[in-house]
Amino acid sequence: QVQLVESGGGLVQPGGSLRLSCAASGFALDSYTIGWYRRVPGKEREGLSCITSSGATSNYADSVKGRFTISSDNAKNTVYLHMDNLKPEDTAVYYCAAGYGQTVQAMCVMGSVTKGYGMDYWGKGTLVTVSS
């Protein structure tokens, strides 16, 4: 009953855009800090972006800053990651996660996206492929 489900992945050409969705069920996302992450085979999970439960603060990894935008819609219990100017190196499985408590929130406020350690709930991922 408690789960996160990512959607919106797919195949796009370099320079294209996608919007990923992270829909929560069984709990309210507006009580959690939310993060987006990605992983490619053979590499460690990479933190991309986070947003606090209030939506007042969001931060980004340097690799996606200026290209990716995180947002939330409390009415839909959903968090989004809009990705612009996609590059082949953005190809990965993208995950969202939710973390409860002041520690996770504080790290996001301070600009530390992290790799997602300590997050309470994880989705199963959605694949984004950027190729010409």
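Per-structure values
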{"read-out": "THR114, THR126, reordered so the largest accessible area comes first (probe 1.4 Å)", "value": "THR114, THR126"}
{"read-out": "Carbon/sulfur fraction of accessible area - the range 85-132, other protein chains in place, 1.4 Å, %", "value": "53"}
{"read-out": "Where GLU6, GLU46 fall by accessible area, highest first, once all protein chains stay in place (1.4 Å)", "value": "GLU46, GLU6"}
{"read-out": "Solvent exposure, largest accessible area first (probe 1.4 Å, DNA, RNA and ligands not counted), of MET119, MET110, MET83", "value": "MET110, MET119, MET83"}
{"read-out": "Whole-Hz couplings from phi, Karplus 6.51/-1.76/1.60, listed for the range 71-88; x for Gly and Pro", "value": "8, 9, 10, 5, 4, 9, 6, 9, 10, 10, 10, 8, 10, 10, 6, 5, 10, x"}
{"read-out": "Solvent-accessible area of LEU48 with every protein chain in place, 1.4 Å probe, in Å² to the nearest 10", "value": "0"}
{"read-out": "All lysines inside 19 Å of LYS65 as judged from Cα atoms, apart from same-chain residues fewer than 8 positions distant", "value": "LYS87, LYS115"}
{"read-out": "Fully extended contour minus Cα-Cα distance, from GLU89 to SER54, at 0.36 nm per residue", "value": "9.5 nm"}
{"read-out": "Area of SER58 that stays accessible when all protein chains are in place (1.4 Å probe, Å², to 10)", "value": "50"}
{"read-out": "Additional length obtainable on full extension of the chain from TYR117 to SER25, 0.36 nm per residue less Cα span", "value": "31.0 nm"}
{"read-out": "Extended-chain gain in nm, criterion 0.36 nm per residue less alpha-carbon gap, THR129 and SER63", "value": "22.1 nm"}
{"read-out": "Derived scalar couplings ³J(HN,Hα) [the range 117-132; Karplus, 6.51 cos²θ - 1.76 cosθ + 1.60; whole Hz; x for Gly, Pro]", "value": "5, x, 6, 8, 10, 10, x, 8, x, 9, 8, 10, 10, 10, 7, 8"}
{"read-out": "Heavy atoms of SER49: accessible area, 1.4 Å probe, square angstrom to 10", "value": "0"}
{"read-out": "Rounded Å value of the spacing that divides the Cα centres of the range 1-65 and the range 99-132", "value": "7"}
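The values are calculated or read from the model by the stated rules, or taken from the named source; none is laboratory data. Everything numeric in this text was worked out from a predicted model, so none of it was measured. The area values use the complete protein model at the heavy-atom level, side chains included, leaving out ligands, DNA and RNA. Shrake-Rupley method; radii C 1.70, N 1.55, O 1.52, S 1.80 Å.
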